[in-house]
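What follows is a single structure, written as structure tokens, with notes after it.
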Amino acid sequence: MSGIADFELQEMAEDELARACTLSWRELSQVVPWGDTAEAFAPSGRPVMVERQYLWADAPGGDILVEVVVFPNAVLYDQGAKRSQRLARAG
């Protein structure tokens, strides 16, 4: 995978994480743990996989960890761009 491809996956992961975090803690708490993987196309037109996961960060009922991975295919999963963000439970 070239440096340009790496950058493309990173940009897609950042964008997907931003979208994944648009749901509130309250909304997500109803479905955690949950995740899915979907086929998509990178801006260059090549096919990629996009995986989202919503997990309890430490213990059920606490903060939620949102994880996103954008990768070329199942064999190259470890070469994907990974991003995560913690959504704090409101006091």
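Quick note: the coordinates plus some simple rules give every number you see, no bench work behind them. Computed from a prediction, not measured in an experiment: that's the story for all the values here. Methodologically, a virtual Cβ is constructed for each residue, glycine included, from the backbone with ideal geometry; neighbour enumeration extends over all protein chains shown.
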>> Out of everything in the stretch 47-91 that is β-branched (Val, Ile, Thr) and assigned to a strand (DSSP E or B), what residue ends up being farthest from Leu28 (Cα to Cα)?
In response: Val48
>> Being part of a helix (DSSP H, G or I), surrounded by 15 or more Cβ atoms within 10 Å (Cβ to Cβ) and in contact (Cβ under 8 Å) with a residue 12 or more places away in the chain is the requirement here; does Glu8 meet it?
In response: yes
>> Please go through the stretch 1-55 and give me each residue that is farther than 15 Å from Arg86 by Cα and among the polar types (S, T, N, Q), ordered by number.
In response: Ser2, Gln10, Gln30, Thr37, Ser44
>> Go through (1) loosely packed, with under 14 Cβ neighbours inside 10 Å; (2) more than 17 Å from Phe7 (Cα to Cα) for Gln79 and report which single condition fails.
In response: (2)
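For residues that are within 29 Å of Ala42 (Cα to Cα) and of a type outside the set (Val, Ile, Thr), scanning just the stretch 58-74, find the one that is surrounded by the fewest Cβ atoms within 10 Å (Cβ to Cβ).
Here is the first cut: in the stretch 58-74, the residues within 29 Å of Ala42 (Cα to Cα) are 64-74.
Still in the list and also of a type outside the set (Val, Ile, Thr): 65, 67, 71-74.
Working: Leu65: 17, Glu67: 17, Phe71: 22, Pro72: 17, Asn73: 12, Ala74: 8.
Among residues in the stretch 58-74 that are within 29 Å of Ala42 (Cα to Cα) and of a type outside the set (Val, Ile, Thr), the one surrounded by the fewest Cβ atoms within 10 Å (Cβ to Cβ) is Ala74.
Hey, can you tell me all the residues within the stretch 11-46 that are assigned to a strand (DSSP E or B) and of a type in the set (Phe, Trp, Tyr)?
Trp34, Phe41
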